[in-house]
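Structure first, then comments.
What follows is calculated from the coordinates using simple rules that are stated; it is not laboratory data. Since the model is a prediction, treat every value here as computed from it, not as a measurement. Glycine gets a Cβ as well: all are built from the backbone with ideal geometry, and neighbour counts include every protein chain shown.
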Amino acid sequence: MLQSSYNYRERGMNTMLFTASLDDRYGIGRVASRIGLEADAHIYRADDNLLEMVEEAHANDTMSCTLVDVAQFLTRDQVYQLTDVADHLGIPVICYGLRTDFQGNLFPGSEALLAWADEMREVKTICHCGSKATMVVRMDEQGNPVKDGDQVAIGGNDRYVSMCRKHWKEALK
């Protein structure tokens with residue numbers, strides 16, 4: 001996401017970055033990549049209207065792209081609002097996030113994005129076996145796989161391990 005924003009800004013174009021208020025790993029309103037890039041972002045909460053937020057920013061300073069981090073935390077309504085950003089304001093929207101949780105269930109935001117996105121591109125992640133990782137395993141403090149719990153528990157590589165479906169199933173046995 002940060003690289004995409006940089007590419008726009010390098011050409012003199014403005015971007016609007018969003019991140020979920022509940023993801024405070026790098027500070028409220030901060031996004032960071034695993035390779036060390038960081039940037040400020042507008043935070044969104046479940047009751048925020050993202051279309052209105054983008055319209056307001058666009059009226060003050062022309063926006064060329066809207067980028068959303070941890071898009072799995074969007075609500076269905078917010079995904080619909082983002083389709084209006086693309087369809088009515090003509091501003092591209094690029095979302096980054098997980099498809100499923102640690103139990104293999106879709107997040108509400110991911111479900112809506114899968115239904116309404118014009119295009120999808122997966123960022124390839126690798127399992128420890130070298131296969132494509134499509135699942136994520138949540139680990140407890142002792143490094144054991146977690147099978148039950150709330151859908152949302154904020155964490156990074158310290159808490160989650162990407163795996164192929166075969167190893168995900170084995171980890172959750």
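Put +1 on the Cβ of every Lys and Arg and -1 on every Asp and Glu Cβ in segment 2-116; which of LEU37, ALA71, LEU106 then has its Cα farthest towards the positive end of the dipole?
LEU37
Out of all DSSP beta bridges in segment 2-116, what portion is antiparallel? Express it as a percent rounded to 5.
Of all bridge pairs located within segment 2-116, approximately 25 percent are antiparallel.
By per-residue mean of other Cβ atoms within 10 Å, what is the highest-first order of 49-62, 82-95?
Result, highest mean Cβ count within 10 Å first: 82-95, 49-62.
At a Förster radius of 35 Å, what calculated FRET efficiency corresponds to the Cβ-Cβ distance of ASN105 and ASN7, to the nearest 0.05?
My answer for the efficiency is 0.55.
From the square roots a ≥ b ≥ c of the eigenvalues of the alpha-carbon gyration tensor of the chain, which class results: rounded (a/c under 1.5), prolate (a/b over b/c), or oblate?
Cα axes put the chain in the prolate bin.
Multiplying the sequence separation of SER33 and ASP87 by 0.36 nm and subtracting their Cα-Cα distance, what value in nm do you get?
Full extension of this stretch gives 16.5 nm more.
Using mean Cβ contacts within 10 Å as the protection proxy, how do 36-46, 161-171 order, highest first?
Descending mean neighbour count gives 161-171, 36-46.
Compute, for the chain, the length of the dipole vector about the Cα centre, with Cβ point charges of +1 (Lys, Arg) and -1 (Asp, Glu) only. Units Debye, rounded to 20.
1080 debye
Just report the Cα centroid separation between segment 93-136 and segment 46-92, whole Å.
Each part reduced to its Cα centre gives a spacing of 20 Å.
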